[in-house]
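Data block below; observations after.
The values are calculated or read from the model by the stated rules, or taken from the named source; none is laboratory data. The model shown is predicted, which means the values in this text are computed figures rather than measured ones. Don't worry about glycine lacking a Cβ; one is built from the backbone with ideal geometry, like all the others, and counts go over all protein chains shown.
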Amino acid sequence: MNEDHGRYQPLSYFQLMEISLRELLVEKGIVTDAQVQATADDMRSRGAERGASVVARAWTDPGFKARLLADGTEACRELGLDVPALRLIAVENTPDVHNMIVCTLCSCYPRMLLGLPPEWYKSRPYRSRAVREPRAVLAEFGLAIADNVQVRVHDSTADMRYIVLPMRPAGTDGWSEDRLAAIVTRDCMIGVAVPSIAGAAPAA
Amino acid sequence: MNETVQPSFKPGDRVVVRKAWPLGHIRTPHYIRGRVGSIERVCGSFPMPEELAQQRSGLPAQPLYRVRFLQRDVWPDYQGRPDDALEVEIFQHWLERA
């Protein structure tokens, strides 16, 4: 809550439109209040766990990794992540290439795998600068990309959604999929961070 | 009936994005219009967004490509490696052979 909590605030244009549309849909019997609430709760509760499980599987199963890079949608279906609206392209970080994702037009994002996008992902500065000066933006996220590494920016402009497959960090040999998944953060899969084993959970 | 326009381009083809400024809902970013790149992959065919936004069917579906551009071809003053790249999804009706 902001400092205006408790004081009268006029509704914004979009708040008013949302309420009007929702009330009309409920009144016409197209949806119920409970359905709207359940969908909103489901979206809010979703995090990046599904994406992390996809990455951990790719790290531990070379066959799965090959299928993921060839057809991200089909590979997700294997893991029971079957969503018709998701058309997924996985882009792989290597010692020579670093990938990052942006949607310059709006905020296209693989919500099915990563949950709701962070506010900065939807901000004008990120959207305009990620395609214009990606190395400067990455540096601001604390990620210095070496001069011998190519940076590839993916502008998610139409029907496909993207996930970065980060490099598996050294020192994780023999780790279980669950333990690996725990070091794969949302930002790693957007490409503004890389997985780190500092602070990782000990072996279970 | 499967109404789909056949793909005109294949991976590796050099293409230029049309330098056009029509009104309406368009999924081709301004910054990439007029720029030359190469087809990275064919993504399949999808209804045209300009038509969908007008509540029409968007059919026949247009092939959608991922086009790879060199950053220095997009931004003449780009600071970074000469092979730093930008990949953008662009519909076929926005592309011409370069």
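Results, tabulated for the structure shown:
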read-out	value
Only one of B:Glu96, B:Glu51 that is in contact with a Gly (Cβ under 6 Å, 6 or more places away or on another chain) and away from every other protein chain (no Cβ under 12 Å)	B:Glu51
Of residues in the range A:19-32 being charged (D, E, K, R) and more than 23 Å from A:Arg111 (Cα to Cα), the one surrounded by the most Cβ atoms within 10 Å (Cβ to Cβ)	A:Glu23
Failed item in (1) away from chain B (no Cβ under 14 Å); (2) part of a loop (DSSP other than H, G, I, E, B); (3) under 22 Å from A:Ser45 (Cα atoms), with A:Trp120 passing the rest	(2)
Scope the range A:55-113; condition assigned to a loop (DSSP other than H, G, I, E, B) and either aliphatic (A, V, I, L, M) or not assigned by TED's automatic domain parsing to the domain that holds A:Ser156 (or both); matching residues	A:Leu79, A:Leu81, A:Val83, A:Ala85, A:Leu86, A:Leu105
Residue match in the range A:177-198 (condition: in a loop (DSSP other than H, G, I, E, B), within 25 Å of B:Leu64 (Cα to Cα) and over 14 Å from the mean Cα position of the chain (by Cα))	no
Number of positions in the range A:1-28 that are assigned to a loop (DSSP other than H, G, I, E, B) and at pLDDT 95 or above	1
Residue in the range A:173-185 that is touching a residue at least 60 places away in the same chain (Cβ under 8 Å), in contact with a Lys or Arg (Cβ under 7 Å, 6 or more places away or on another chain) and closer than 17 Å to A:Asn93 by Cα present	no
Which numbered condition A:Ala85 misses (of (1) surrounded by 14 or more Cβ atoms within 10 Å (Cβ to Cβ); (2) modelled with pLDDT under 95; (3) touching a helix residue (DSSP H, G or I) at 6+ places or on another chain (Cβ under 8 Å))	(1)
Subset of the range A:41-78 [of a type in the set (A, V, I, L, M) and buried (at least 21 other Cβ atoms within 10 Å of the Cβ)]	A:Ala48, A:Ala52, A:Val54, A:Val55, A:Ala56, A:Ala58, A:Leu68, A:Ala75
Residue tally, condition among the β-branched types (Val, Ile, Thr) and away from chain A (no Cβ under 11 Å), over the range B:18-38	1
Matching strands (runs of 3 or more DSSP E) fully within chain B where at least 1 residues are among the hydroxyl-bearing types (Ser, Thr, Tyr) and more than 15 Å from A:Thr157 (Cα to Cα)	B:36-46
Residue among B:Pro7, B:Pro82 that is surrounded by fewer than 20 Cβ atoms within 10 Å (Cβ to Cβ), within 14 Å of the chain's Cα centre (by Cα) and closer than 26 Å to A:Leu69 by Cβ	B:Pro7
Where a residue in the range A:120-133 is in the same structural domain as A:Ser156 (by TED's automatic domain parsing) and closer than 18 Å to A:Arg152 by Cβ and its partner, wherever it lies, is surrounded by fewer than 19 Cβ atoms within 10 Å (Cβ to Cβ) and modelled with pLDDT of 95 or more, with Cβ under 6 Å and at least six apart	A:Tyr126/A:Trp120
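Listed here are the residues, each with its yes/no results for (1) away from chain A (no Cβ under 12 Å); (2) crowded, with 21+ Cβ neighbours inside 10 Å.
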site	(1), (2)
B:Glu40	no, no
B:Phe69	no, yes
B:Asp73	yes, no
B:Tyr78	no, no
B:Val88	no, yes
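Each row is one residue, and each column tells you yes or no for (1) β-branched (Val, Ile, Thr); (2) farther than 27 Å from B:Ser45 by Cα; (3) within 14 Å of chain B (Cβ to nearest Cβ).
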| residue | (1), (2), (3) |
| --- | --- |
| A:Arg111 | no, no, no |
| A:Arg129 | no, yes, yes |
| A:Glu133 | no, yes, yes |
| A:Leu138 | no, yes, yes |
| A:Phe141 | no, yes, no |
| A:Gln150 | no, yes, yes |
| A:Leu180 | no, yes, no |
| A:Val184 | yes, yes, no |
